[in-house]
Amino acid sequence: MRTRRIAAALTAAALLPVSATLFTTSTANAQTSEEIQAEIDERHEALEKVIEDYNAKREELNDANDLIAEIELQLPALEAETADANEALADYASAAYTGGEFAMMNSVLAGDPSDFADRLLYLDNLTAAENEQLQANIAQVQELETRKTELETLKSSADEILEEMEQQQEDIEAEIADLEEEYEDQYAEENVPEYDYEGSSGAVQFAMDQLGEPYVYGEDGPDSWDCSGLTQGAWGAVGVNLSHNAAMQWDETARISRDELQDGDLVFYNDLAHVGMYIGNGEIIHAPNSTTVVKIVDIDYGGSIVGYGRP
């Protein structure tokens, strides 16, 4: 009975499908960090339910594995008893029939052991005691076949559930990682650290005053910027006119080497499609793209550097 109970539990207790449990990727660009955090909290609650469901399945699998081990220990004895049962059947048939009737009994005994009971009608001349023993032997054969089937079912169910659990675990971990990254990015945009610029470049000071302001394509201030709009505005604040275009600013500035960089010099990236301003200590300030704000990053933040220019 324990075998059937666990087998039924494994069959009926299907794991929740990923699509029904996990959420889609957040559209964090339109959310504040608080909204993203609320979403993270909500998802964690849902994920905890899934994890607890996993724990329940693991308990069932542990029971199933114990039962599999138990059945495998019993199989050799059952096989030996079945062999004895088959030999007893042959002995009973030999004693009950002779000649042509024995040949008939060989035909009766051939085939699936589970069908033996149907063919016992041919053995109606056996004594009551012999018939009782025969029934016991047949039951032993049927028990062996039943346990073999249950063992195969349990192993198959265990493997399938484990595979689903591993896949859902990977999906959960990936989603949590994505959410945390979104939150960190949004939080950083909303909580731009204050920098005290101690240098003497008025252009750098102007750019630093715009930290945290949004990127908007084609804008050059006063409250939103694109990359060349920021460098144009910064240098314009100290009386130097630059065009609102990174490639044109390349033409409007003198070429210098990386070793010659000073505060306020321009750093050009990505085939002159992007420009930032050097602020010292291996960092630039720039307006990266529409997903973020004016920020300070390492000069080698990831863009491909074309060269350097001094207005």
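The values are calculated or read from the model by the stated rules, or taken from the named source; none is laboratory data. Quick caveat, the model's predicted, so the values are computed rather than measured. Cβ placement follows ideal geometry from the backbone for every residue including glycine, while neighbour counts extend to all protein chains displayed.
Miscellaneous remarks
This table checks each residue for (1) in the same structural domain as Gln142 (by TED's automatic domain parsing); (2) modelled with pLDDT of 75 or more; (3) surrounded by fewer than 11 Cβ atoms within 10 Å (Cβ to Cβ).
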residue	(1), (2), (3)
Glu52	yes, no, yes
Lys57	yes, no, no
Leu61	yes, no, no
Asp66	yes, yes, no
Leu78	yes, no, no
Leu89	yes, no, no
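- Just one of the listed residues (Asp196, Asp185) is at pLDDT 75 or above, in a loop (DSSP other than H, G, I, E, B) and closer than 30 Å to Glu213 by Cβ, namely Asp196.
- For region 200-211, the candidate set comprises residues that are in a loop (DSSP other than H, G, I, E, B) and surrounded by 15 or more Cβ atoms within 10 Å (Cβ to Cβ); within that set, the residue that is nearest to the chain's Cα centre (by Cα) is Leu211.
- Taking the criterion of being β-branched (Val, Ile, Thr) and over 15 Å from Glu198 (Cα atoms), the residues of region 261-283 that qualify are Val267, Val275.
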